[in-house]
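Working notes, beginning with the structure itself.
Just so you know, all these numbers are worked out from the coordinates, no wet-lab data involved. What you see is a predicted model, and the numbers here were worked out from it, not measured in a lab. Here Cβ is always computed from backbone atoms with ideal geometry, including for glycine, and neighbour counts include all displayed protein chains.
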Amino acid sequence: MKEQVVCKTTDLEPGQMKASLFGKQNVLICRTLDGEFYAFLNQCTHQGAPLDKGMICGATTDKSKPGEYDYCRKGEIVRCPWHGREFDIKDEGRMLANPNKKLPSYKVRIENDDVIIYK
């Protein structure tokens with residue numbers, strides 16, 4: 001299977017995500033606050049948790065001090081529900097704590113109201 005409609009653009013508001021199927025693969029469709037769509041394998045690289053059960057959030061900066069949180073990148077990070085691993089939606093699903101690891105990703109395009117993913 002080369003490409004498939006996985007949802008409608010109206011199915012996700014900015015800052016939301018949902019699970020869908022790409023053939024037999026369980027995929028995660030994310031929509032960032034700027035309205036862009038991204039797609040990843042819906043499985044954490046650590047122990048396989050379903051990422052759609054986690055949340056889209058932001059991250060703290062390296063300027064944060066103990067007990068303080070300098071928050072940034074709201075709506076651009078997926079957090080795993082099991083162990084809190086965080087992945088950068090806009091940077092190919094790279095793990096924040098280890099940028100050498102990343103989620104398997106899919107290409108996305110929008111046609112009319114359809115969100116289409118492909119390899």
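Database remark: amide H of LYS101 closer than 5 angstrom to the amide H of MET95 (H placed geometrically; neighbours at sequence offset of 5 or more, or on other chains; Pro and chain starts carry no H).
Label-to-label distance for GLU92 and ASP114 is 2.8 nm, based on points extended 7 Å past Cα in the beta-carbon direction.
At a Förster distance of 25 Å, what's the computed FRET efficiency of THR60 paired with GLU13, Cβ-Cβ distance as r, to 0.05? That gives a FRET efficiency of 0.55. Ordering of 30-36, 76-82 by packing is 76-82, 30-36, highest average first (other Cβ atoms within 10 Å, averaged per residue). Averaging 1/r across all pairs of distinct Cα atoms in the range 3-118 and inverting the result yields a Kirkwood radius of 14.4 Å. Lys and Arg at +1, Asp and Glu at -1: add these up for the other residues within a Cβ distance under 13 Å of ASN98 and post the number. Result for the neighbourhood of ASN98: +1. For LYS18, the lysines whose Cα comes closer than 25 Å to its Cα, not counting residues fewer than 8 places off in the same chain, are LYS2, LYS8, LYS53, LYS74, LYS90, LYS101, LYS102, LYS107, LYS119.
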